[in-house]
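The values are calculated or read from the model by the stated rules, or taken from the named source; none is laboratory data. Quick caveat: nothing in here was measured; it's all calculated off a predicted structure. Cβ atoms come from the backbone with ideal geometry, glycine included; neighbour counts cover every protein chain shown. Only protein heavy atoms, including side chains, enter the accessible area calculation; ligands, DNA and RNA are left aside. Shrake-Rupley method; radii C 1.70, N 1.55, O 1.52, S 1.80 Å.
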Amino acid sequence: MPTPKECPMCSESMRLETREQVDRVPGSSKTRTRLTREWVCPECDYFEEADEEA
């Protein structure tokens with residue numbers, strides 16, 4: 001479990017969320033899917049990318 005993080009905007013606890021991001025490959029009809037991790041504040045909608053080591 002990652003260490004909880006405090007939101008720099010409102011000081012609430014942020015949640016670590018994993019999202020699936022779909023990108024189109026230029027010049028073709030293919031898509032590429034990748035997972036991204038973000039810290040998200042449920043109170044003020046502030047977010048930032050998570051470090052790779054988290």
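What to note about this one:
- Scope the range 36-54; condition surrounded by 13 or more Cβ atoms within 10 Å (Cβ to Cβ) and touching a strand residue (DSSP E or B) at 6+ places or on another chain (Cβ under 6 Å); matching residues: Arg37, Glu38, Trp39, Val40, Cys41, Phe47, Glu48, Ala50
- Flag for Thr33 being in contact (Cβ under 8 Å) with a residue 12 or more places away in the chain, in contact with a Leu (Cβ under 8 Å, 6 or more places away or on another chain) and exposed (fewer than 10 other Cβ atoms within 10 Å of the Cβ): no
- Tallying residues that are open to solvent by 80 Å² or more (accessible area, probe 1.4 Å) and either hydrophobic (A, V, I, L, M, F, W, C) or closer than 27 Å to Thr3 by Cα (or both) within the range 19-30 yields 3.
- Applying a threshold of 7 Å to beta carbon distances and a minimum spacing of six or more residues, or different chains, the list of pairs starting in the range 1-13 at a residue that is of a type in the set (Gly, Ala, Ser) and ending at one that is part of a loop (DSSP other than H, G, I, E, B) reads Ser13/Pro4.
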